[in-house]
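What follows is a single structure, written as C-alpha cells, with notes after it.
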Amino acid sequence: MASMRDIKRRKESVQSTGQITKAMKLVSSVKLQKAKIGAEVSKPYFETMYETVAGMIAKSGQLSHPFLQKSQSDKKAVITITSNRGLAGGYNSNIVKLVSKDERFKKENTVIYAVGTKGRDSLARQGYEIAGDYSEAINEPLYSDAMDIGKEVLSKFTSGDIGEIYLAYTIFKNTVVQIPTLIKLLPIDASDIVSEQEDAQDPLDKITLMNYEPEPEEALEAIIPKYINSLIYGGLTESYASENGARMQAMDSATSNAEDMISDLSLKYNRARQASITQELTEIIAGASAIS
C-alpha cells in the first residue's frame, strides 16, 4: 500500500488538475454560446446558396465551364479545418483520419491547405504536403479568411495545378454531437446535382430552363467563387462551434474523472491513516504490557 505522504501528494495533484479542467470547461462553455449563435445564424445563408447554385446548374442543361469540368491534373487539394489547441477529445484526430484513411488522397497526389495547427502537424508527420497554412483563421472565423483561402485554391484550380478541391470540416449538430464531414467543392458534379434536384422538383420545374443575363459562363464566373467562399466560411463557423463543444465535453469528462479519483484517493488515505493509528496503538499496548 502506498504511504500516506504519496497518497496525499497524488490527491493534491489531481485536485489541481481538476480545477484546471473545470476552468477550461467554463471557458469553452462561454465560447460555445457565441460560436453556436454564429453557426446557427449563418447556416441558412449557406444552405440557400448551395440550393441556388444547384438549381441553376440543374436547369442549365449542358454547360461548358472550367468549374464544371475535371482538370487534366490528378492532384487533389484538401482544405482541412481543425483547431490550434488540443484537449478537445477526438475532434482533431477525426478530421485527420477522414483524410488519411480515404483512398482518394494519396500522399503523392494530395496537397493540404490547413486551417488549424493540430491537423497541419499531424498530416505533415504522415508525409502530406502542406501547400498553405491559415491556422489563425480558426481563432475567430471571418468571411475575409474564407475569401483568402478560396482565392488561393481557385487560382490553383483554374491554372491546372490541382484537379479537385475538397473541404474536410466538422458539422455542429449539438453540444454533444459533432460530425466529421468531407465534401467536394470543385469541379461541381452537375450530374449529381441534377439527380438530386430532380428528386426534389415537381414535374413543371423539371422542364423549366434557366435564363441567364449575361451569358451562362459569365454568370458562373461571378457566382461560383462566392459559392466556394460561402461553403468554406460555413465550414469555419461550424468547426469553430464543434471545437468548443468537443472541448467542453472533454473537460467535463476530465473533471468528473478527477472527482472520482479524488474520492478514491480520499478513501485510500483514510484507510492508510486508520492502519497507521492502529499500528501505533498496537505498539503502545505492546510496550505497556512489556513494562508491566
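The table below gives the values:
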| read-out | value |
| --- | --- |
| Residues within the range 119-146 that are assigned to a helix (DSSP H, G or I), of a type outside the set (S, T, Y) and buried (at least 17 other Cβ atoms within 10 Å of the Cβ), tallied | 7 |
| Residue in the range 178-189 that is crowded, with 22+ Cβ neighbours inside 10 Å and closer than 29 Å to M56 by Cβ present | yes |
| Selection status of K31, under 30 Å from N257 (Cα atoms), surrounded by 17 or more Cβ atoms within 10 Å (Cβ to Cβ), of a type outside the set (A, V, I, L, M, F, W, C) and under 18 Å from the mean Cα position of the chain (by Cα) | yes |
| Residue satisfying all of: in the range 253-279; surrounded by 12 or more Cβ atoms within 10 Å (Cβ to Cβ) and of a type in the set (A, V, I, L, M, F, W, C); farthest from A23 (Cα to Cα) among these | A275 |
| Any hit, the range 190-212, residues being polar (S, T, N, Q) and at pLDDT 90 or above | no |
| Selection count, the range 81-118, where residues are basic (K, R) and part of a helix (DSSP H, G or I) | 3 |
| Residue satisfying condition, being closer than 15 Å to K184 by Cβ and not aromatic (F, W, Y), within set K97, K76, K106, K118 | K76 |
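The values are calculated or read from the model by the stated rules, or taken from the named source; none is laboratory data. Bear in mind the structure is a predicted one, so any value in this text is a computation, not a measurement. When we count neighbours, we look across all protein chains shown, and the Cβ atoms used for this are built from the backbone with ideal geometry, even at glycine.
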